[in-house]
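The values are calculated or read from the model by the stated rules, or taken from the named source; none is laboratory data. For clarity, every value in this text was computed on a predicted model and none was experimentally measured. As a convention, Cβ positions derive from the backbone with ideal geometry for all residues, glycine included, and neighbour counts pool all protein chains shown.
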Amino acid sequence: MPGLIDRTALVTGASRGIGQAVAVRLAAEGALVVVHFGTDENGAAATVDRIVRAGGTALAVRAELGVDGDVETLFAGVEAGLAGRPLDILVNNAAAPPAGPLGGPTRAEFDRLFAVNVRAPYFIIERALPLLPDGGRVISLSSVATRMANPAQTSFAMTKAAVETMSRTLANQLGARGITVNAVAPGATRTATNGAAFDVPGLPERIAAATALDRLGGADDVAEVVAFLASDAARWITGQVIDASGGLFLGPRG
């Protein structure tokens, strides 16, 4: 029997990529899933359609993150969709992409990156707390960029490091209620929407050669980890960053 029957979940940025895979996976476990999207209405509809066709339950909610009133707009839709039910699982997946090396992003781009990747998840969690029952789950997506020195992702890595620190701190704060707070850090993950980025000749092979499990990751690989942390089996895990990269850049392999 699926392990999340009668649970509800909100997945931000669930119109594509890892967020879509997470939403589909949680629904397969029996959860009612609120599929958040910012601009990709067709992608969100496709996520909901996949879930419904598989026998699950989902609804889409639109809210642009990183702007004034974003959290209020999001939760107006969430609460309407839940119709009085609690929110058992919150997955902060939505994020703005890397904005380049030092000297690359403008101040406005830098501020936008932090608004979406740091400010939004912080206040989404704050707003979700009255809806989260004791024993709830908060899971935020980080990145292996926090443990590697990649000059092309300096500002992005900074935002994800903030998410990891937030997760550890909130785990300590919310533990008395049995609420677990964790982060999941994917590595190089090929999805239906970013596949072109990996079409550079030789790039997939170079990444696989630097990965302990010898292949590129997929969105489903990450979704499985999130689903585990959302389950009762992960009730004793909190304040952790779970590396879901297949062992990317662990050290020399030869």
Per-region count, region 1-50, residues within 22 Å of Ala233 (Cα to Cα) and among the acidic types (Asp, Glu): 2
Contacts under 6 angstrom Cβ, first residue in region 88-100 being in contact (Cβ under 8 Å) with a residue 24 or more places away in the chain, partner among the hydroxyl-bearing types (Ser, Thr, Tyr) and crowded, with 24+ Cβ neighbours inside 10 Å, 6 or more apart: Asn92/Thr12; Asn92/Ser140; Asn93/Thr12; Ala94/Thr12
Close pairs (8 angstrom Cβ cut-off, 6 or more residues apart or separate chains): surrounded by 11 or more Cβ atoms within 10 Å (Cβ to Cβ) in region 190-210, modelled with pLDDT of 90 or more and of a type in the set (D, E, K, R) anywhere: Thr191/Arg16; Ala192/Arg16; Thr193/Arg16; Ala208/Asp214; Ala208/Arg215
Filtered residue count, region 151-187, keeping only those that are crowded, with 18+ Cβ neighbours inside 10 Å, among the hydroxyl-bearing types (Ser, Thr, Tyr) and either touching a strand residue (DSSP E or B) at 6+ places or on another chain (Cβ under 8 Å) or within 13 Å of Val118 (Cβ to Cβ) (or both): 4
Which listed residue is more than 19 Å from Ala244 (Cα to Cα), part of a helix (DSSP H, G or I), among the β-branched types (Val, Ile, Thr) and within 20 Å of the chain's Cα centre (by Cα), from Thr154, Thr146: Thr154
Identity of the residue in region 211-252, acidic (Asp, Glu) and touching a residue at least 60 places away in the same chain (Cβ under 8 Å), that ends up farthest from Asn92 (Cα to Cα): Asp232
